[in-house]
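The block underneath contains the structure these notes are about, expressed in structure tokens.
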Amino acid sequence: MRLIVDSNVVMSALIKNSITREIILRSGIEFFHPKIALKNLDKYRSLILEKSGLDGLEYEDLFKLILSKISLIDLENFIGYLEESNDLMRGIDIEDSPFIALALSFENDGIWSDDSHFKKQNKINIWTTKELLDIEN
């Protein structure tokens, strides 16, 4: 299985030792993330530190471990799909267009996100954590 992973899923894995973290680290699923979206993770670094109780070094180590399981894809590899993804996400959440564009750019099984707004578009399959757990069991 090949999935694009939403930033909120990565944040969740950083904040808590949870099933989300387990899926990323141990499932064998191939994960992809638009490199440009790393700025969102950096933007919320202090909130993640506060909620997780991790210190800076622990955070960096965990962040590197999680990113070692996710292929970061440069914008140049999916920029040609941004117009279509913007059309799909207009009126939903245009900031998530890079995830849709990445999903459109290569063969994959969809996007892993627990943000329900992703399901308002009908072009890309969206997987919630619960749905991933259901297929794992």
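The values are calculated or read from the model by the stated rules, or taken from the named source; none is laboratory data. The structure presented is a predicted model; accordingly, all values stated were derived computationally and were not measured. Using ideal geometry, Cβ is built from the backbone for each residue, glycine included, and neighbour counts are taken over all protein chains shown.
Taken residue by residue, the stretch 118-127 has at least one member that is free of Cβ contacts under 8 Å to residues at least 12 places away in the same chain, within 16 Å of the chain's Cα centre (by Cα) and either part of a helix (DSSP H, G or I) or buried (at least 16 other Cβ atoms within 10 Å of the Cβ) (or both).
Does any residue of the stretch 95-106 turn out to be of a type in the set (F, W, Y) and either in a strand (DSSP E or B) or at positive phi (or both)? No; the residues of the stretch 95-106 include none that is of a type in the set (F, W, Y) and either in a strand (DSSP E or B) or at positive phi (or both).
Pairs meeting the criteria (first residue in the stretch 47-59 and free of Cβ contacts under 8 Å to residues at least 60 places away in the same chain, second residue crowded, with 16+ Cβ neighbours inside 10 Å and among the small types (G, A, S), beta carbons under 9 Å, at least 6 apart or on different chains) are E58/S52; Y59/S52. The single condition among (1) at pLDDT 95 or above; (2) closer than 11 Å to I66 by Cβ that F32 does not meet is (2).
Residue-by-condition table, conditions (1) in contact with a Phe, Trp or Tyr (Cβ under 8 Å, 6 or more places away or on another chain); (2) within 22 Å of Q121 (Cα to Cα); (3) among the polar types (S, T, N, Q):
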position: R2; (1), (2), (3): yes, yes, no
position: V10; (1), (2), (3): no, yes, no
position: I19; (1), (2), (3): no, no, no
position: D61; (1), (2), (3): no, no, no
position: K69; (1), (2), (3): yes, no, no
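Limited to the stretch 89-137, what total is found for residues that are modelled with pLDDT under 95 and among the aromatic types (F, W, Y)? Result for the stretch 89-137: 1.
Per-residue answers, yes or no, for (1) surrounded by fewer than 15 Cβ atoms within 10 Å (Cβ to Cβ); (2) small (G, A, S); (3) under 24 Å from E131 (Cα atoms):
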| site | (1), (2), (3) |
| --- | --- |
| Y44 | no, no, no |
| L47 | yes, no, no |
| N86 | yes, no, no |
| I92 | no, no, yes |
